[in-house]
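Taking it in order: structure first as structure tokens, then the write-up.
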Amino acid sequence: MNSEDKIGFGGGCHWCTEAVFQSLKGVISVEQGYIASTNEFASFSEGVLVTYNPKEVSLELLIEIHVLTHKSTKNHSMRDKYRSAIYTFSEVVKAKSKHILSALNKQHKDELITLVLDFNTFKTSREEITNYYFKNPEKPFCKTFINPKLKLLLTNYTNKVNCDKLDHLKLEATL
């Protein structure tokens, strides 16, 4: 593998998804915006592109964290805007992602609805809303929706999380 790989994730609000992946060791960059696949999934939905070092963080861990930090087992009326999906850039990663999801599905009480799709296109969010959590950690949205996801990371994946980044924001004191 290269020292750098890229994958897309969509599921919930891209502000939440962005903060989750920005907090992981081995993640080089997270681009927040709107992502689309092809055919019936060609419409844009909120998502992120994650560039990561596979020697530091595995695809398995990224996918596991993705399905744990959004409603990956629930269909709801906003699924067009918040499509639960993994967007891949190669057939090899697509097959591996499907295998990982299948294994994770066996661990869940409810069936995962997360799709594995081909990446087609991406539109970056406006600058004002990128890096939303780390610019606005005291906003009610961040405290209500993002902090619980980051607490889950701190609790269950401590050695995989950039704790210094989260400690600096005094996350544990605000939860």
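The values are calculated or read from the model by the stated rules, or taken from the named source; none is laboratory data. What you see is a predicted model, and the numbers here were worked out from it, not measured in a lab. Virtual Cβ from ideal backbone geometry, glycine too; neighbours counted across all protein chains shown. Areas reflect the complete protein model, heavy atoms only, side chains present, ligands, DNA and RNA absent. Shrake-Rupley method; radii C 1.70, N 1.55, O 1.52, S 1.80 Å.
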Q) Just going by the charge dipole of the range 8-64, with Lys and Arg at +1 and Asp and Glu at -1 on Cβ, which of S45, T17, I35 is farthest out on the positive end? A) T17
Q) Along the positive direction of the dipole of the chain (beta-carbon charges: Lys, Arg +1; Asp, Glu -1; about the Cα centre), which of S97, N156, G26 reaches farthest? A) N156
Q) Once phi is turned into θ = phi - 60°, what whole-Hz ³J(HN,Hα) does the Karplus curve with 6.51, -1.76 and 1.60 give for every residue of the range 45-53, x standing for Gly and Pro? A) 9, 5, x, 9, 10, 10, 9, 9, 9
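Is there a quick way to get the dipole size of the range 1-62? I mean about its Cα centre, with the Cβ of Lys and Arg at +1 and of Asp and Glu at -1; what is the value in debye to the nearest 20? List each step's numbers first, then the result.
Working: 3 positive and 8 negative charges, 26 e Å.
Approximately 120 debye in magnitude.
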Q. Dipole magnitude of the chain about its Cα centre, charges +1 at Lys/Arg Cβ and -1 at Asp/Glu Cβ only, in debye to the nearest 20?
A. 380 debye
Q. Which residues' amide hydrogens lie under 5 Å from the amide hydrogen of A85, considering only partners 5 or more residues apart or on another chain, with H built in the peptide plane?
A. G10, G11, L115
Q.
Compute a Gaussian network model of the chain, connecting alpha carbons closer than 10 Å, and tell me which residue from E31, E91, E64 fluctuates the most.
A. E91
(Q) Tell me the angle of helix 147-156 to the major Cα principal axis of the chain, expressed in degrees between 0 and 90 and rounded to the nearest ten. (A) 80 degrees
Q | Long-range HN-HN contacts of L24 with modeled amide H, under 5 Å | A | N162
Q: For an R0 of 22 angstrom, estimate the FRET efficiency from the Cβ-Cβ distance between K98 and T124 and round to the nearest 0.05.
A: 0.20
Q. Rounded to the nearest 5, what % of the DSSP beta bridges within the chain are antiparallel ones?
A. 85 percent
(Q) If Rh is defined by the Kirkwood formula over all Cα pairs and Rg also comes from Cα, what ratio Rg/Rh do you get for the chain? (A) 0.94
**Q.** GNM result for the chain, Cα springs below 10 Å: residue of A36, A19, A95 fluctuating most strongly
**A.** A95
Q.
At 1.4 Å probe radius, can you tell me the per residue accessible area of the chain in Å²?
A. 51 Å²
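Explain nothing, just the number: relative contact order of the chain, from Cα pairs under 8 Å at least 6 residues apart, as a whole percent.
Numbers: 298 pairs, mean separation 51.0, N = 175.
Value for the chain: 29 percent.
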(Q) If the elastic network links every pair of Cα atoms under 10 Å, which of G11, G26, G47 fluctuates the most in the Gaussian network model of the chain? (A) G26
